[in-house]
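This report refers to the structure that appears directly beneath it.
No value in this document is a laboratory result; all are computed from the given coordinates. Worth saying up front: this structure is predicted, and the values here are computed from it rather than measured. When we count neighbours, we look across all protein chains shown, and the Cβ atoms used for this are built from the backbone with ideal geometry, even at glycine.
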Amino acid sequence: MKNEFALAFNEVLEEKQLPKEVILDAIEAAMVSAYRRAVNASNAQHVEAKIDPETGKVIIYAEKEVVEDVEDQRTEVALAEAHQVEPEAEVGSMVIIETTPENFGRVAAQTARQVIQQRIREAEREAQLEYFNNQLGEIVSGVVQAISSQAVTLGLDKKAEGIMPRNQQIPGERFRLHDRVRALMAEVKATPRGPQLILSRAHRNFLRRLLENEVPEIYHGLVEIRSIAREPGHRSKVAVSALQTGVDPVGACVGMRGVRIQAIVRELNNEKIDVIEWNPDPSGFIAKALSPARVTGVYLDEHARGTKTATVVVPEDQLSLAIGRDGQNARLAAKLTAWRIDIKSLPEATSDALYKIQSDPEFAAMAEAETDTISQIEAILVKKDEGRPVTPEEYSILSKFVERAERGVIDMHQAEISAELERIAQAKENIPASAFDMPLEELNFTERITNLLVEAGNETVGDLIIQMELDSDAILGLNGIGPKAMENIEKALAEVTFPEPEIVEKEVEAEQVEQVEGEPEAEGEVLDAEAVVKEEEAEAAVITDEPQVAKPEAVIEIDSVEEVDEVIQEETVADAKAEEETDSSFEEILALEPDAFHVEDEDQDEIESRQKKEKKKKYIEMEYDPDQDVVIVKRKRKRDEEDWEEDLGF
């Protein structure tokens, strides 16, 4: 039968839900502390405690100095007693020996109780922190323990408590004590009193996790959630796309007769959820994001002044539906698509386009092109203001006019951006390339001025020179840069010098090679007679009357490295055979009579050019084609000193 210590030890393990080693370490540390208090031992002395979890017996070991005559039992031990533990111990050495005081168990239980409790509490906090860090961003379930005007306290696993602040609750939602509530683990903070757990039901990721739990296609990766825009308690928009053909993303999220989405709506206190199919085309995506409103046209201006803007034109009866109550529908669509959305009715968009064309000088060319249409547009707008019915054909005329006007604005902005890029390119032509490699710190500005310029996008000296040439007022407009700082910047740019570009060594080597291959320039330079004879014989052997024709490139697909080695080996054998055939043909020509063949004297320049053509350098190039999963081997020959021509490959 187990003793009382073992029973109490197992009870603590079950209650605290901590590893056995953690509890043992806490008790041993408490025993060490109790020993130091009992004998008044120094903190510098090494003390260890060992405990048997079955019997509860505690043994204390302390480090003591070996002496002949013991004066202090706490820090000294006799030589004979030390030899029982360590036979090689000598006087003056240190040994660790058992020094458990009498009746130590009862004394330790009274003095070490607080230490044990403190260690166990610290172990509990560390276990809670590690556990809930793994739960961060996931849905947890808890029981309502306390309700206040500021927050709701939930009891979680590991005997921890989570706090749900008022701004993280769904508006209009009410809780009662002992209700079980699901929430998102939004934040975990480590504090001296334990981990602080912040829960949320208003976060958009709470809706994301609910969709993952309710829709198996999302959990298994067949459907992906592209973006979520949410106003808790009112309305949410979710953009989804299918990652596998044949899967309906919207239908998968809604479920049969809406059972899946209805379960989420009930969890979110009857919050309306719009599930939209994501579209790679921004125009189509924005049109769907404004559902249930019907959209006539979407005009994207990525180069608009400020942020990128989408002008959406809707029928007059769809304007309020597209905007939504208090602008909610338009606001959620803008969050979902990450575009600034400007919604206009067709008559309003027509009036704005007409006013812009007639009053803005920048649209003078467009006004001339629309001279015949403007009068017709004005007549239709007057008819609309007077309340007279407008025919569908007239609405079509207004739609086409708005489309031409919006396209003209977009084209004008794109032209401005292109002109700006051209100005920057022209400015770069007059600036040395080394200026864009020189950091701004080399101008020796103050640290404050340097930081301001770098934050404005001027990281190198070349960037600063371009900005000063294009628009120096932009530098002067920076907060913290005044006229005096501008003078220092202009002075530093005027005095800066850039290193001269170094001469490329390859060009010098190429010139030396040309000089060696050509005829000697210096007088007195004599070529070897035997080398000249060999070159003339080689020329006679390779002269033919047939013109040189570039051979087409042949390509062989290779699937492994072994095949590459085989092809290279075949190429080497083929070259050797070609050389043997050339030598045999040369010997046959030499065996003929002297009058059998005759080579006319040619100019030295033509001979040299022919030598360069015949002495073509070649190399083998291997390329990997990922589409066909093969290695392509090409053989190329050098046509002249600069260009390479592709010859027959293998």
Given H placed 1.01 Å from N in the peptide plane, which residues other than close sequence neighbours of Val152 have an amide H under 5 Å from its amide H? Met164
Pop out the ³J(HN,Hα) list for the range 151-160 in order, Karplus 6.51 cos²θ - 1.76 cosθ + 1.60 with θ = phi - 60°, rounded to Hz; leave Gly and Pro as x. 7, 10, 9, 10, x, 10, 5, 6, 6, 9
What is the calculated FRET efficiency for Val143 to Ala8, with r their C-beta to C-beta distance and R₀ = 25 Å, to the nearest 0.05? 0.30
For Trp278, the residues 5 or more places away or on another chain with a placed amide H closer than 5 Å to its own amide H are Val240, Ser241
Rounded to whole Hz, the Karplus (6.51, -1.76, 1.60) HN-Hα couplings of the range 429-437, x for glycine and proline: 5, 8, 10, x, 5, 5, 5, 7, 9
Distance in nm between Arg166 and Met486 label points, each 7 Å along Cα→Cβ, equals 5.1
Point-to-point label distance, Ile96-Glu459, nm (Cα→Cβ direction, 7 Å offset): 5.5
Residue by residue, what Karplus-based ³J(HN,Hα) values in Hz, rounded to whole numbers, does the range 131-136 have, using 6.51, -1.76 and 1.60 with θ = phi - 60° and x for Gly and Pro? 5, 7, 5, 6, 8, 4
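Stokes-Einstein at 37 °C, 0.692 mPa s, Kirkwood radius from Cα pairs: D for the range 135-202 in µm² s⁻¹? Each step should come with its number before you reach the end.
Working: Rh = 11.9 Å.
The estimated diffusion coefficient comes to 275 µm²/s.
How many Å³ per residue does the convex hull of the Cα positions in the range 4-119 occupy?
Values: hull volume 13.2 nm³, N = 116.
Given the Cα convex hull of the range 4-119, per-residue volume reads 113 Å³.
What does the convex hull of the alpha-carbon atoms of the range 389-432 project to on average, in nm²? Write out the running numbers ahead of the final one.
Numbers: hull surface 11.7 nm².
Approximately 2.9 nm², given one-decimal rounding.
Provide the gained length on full extension for the span Glu393 to Asp52, in nm with one decimal, where the gain is 0.36 nm per separating residue minus the Cα-Cα distance.
Values: separation 341, 0.36 × 341 = 122.76 nm, distance 9.65 nm.
Gain on extension, Glu393 to Asp52, equals 113.1 nm.
What does the charge count near Ala202 come to, summing +1 for each Lys or Arg and -1 for each Asp or Glu among other residues with Cβ under 14 Å from its Cβ?
Once all neighbours under 14 Å are counted, the net charge is +3.
Give me Arg226, Arg388, Arg119 sorted ascending by neighbouring Cβ count inside 10 Å, so fewest comes first.
Numbers: Arg226 16, Arg388 9, Arg119 20.
The most exposed by this proxy come first: Arg388, Arg226, Arg119.
Report the Stokes-Einstein translational diffusion coefficient (µm² s⁻¹, integer) for the range 192-329, Rh taken as the Kirkwood radius over Cα pairs, at 20 °C with viscosity 1.002 mPa s.
In µm²/s, the coefficient is 128.
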For the range 430-495, go through all pairs of different Cα atoms, get the mean of 1/r, take its inverse, and jot down that Kirkwood value in Å. 11.8
Environment charge of Val298, counting only residues whose C-beta is closer than 14 Å and scoring Lys/Arg +1, Asp/Glu -1: 0
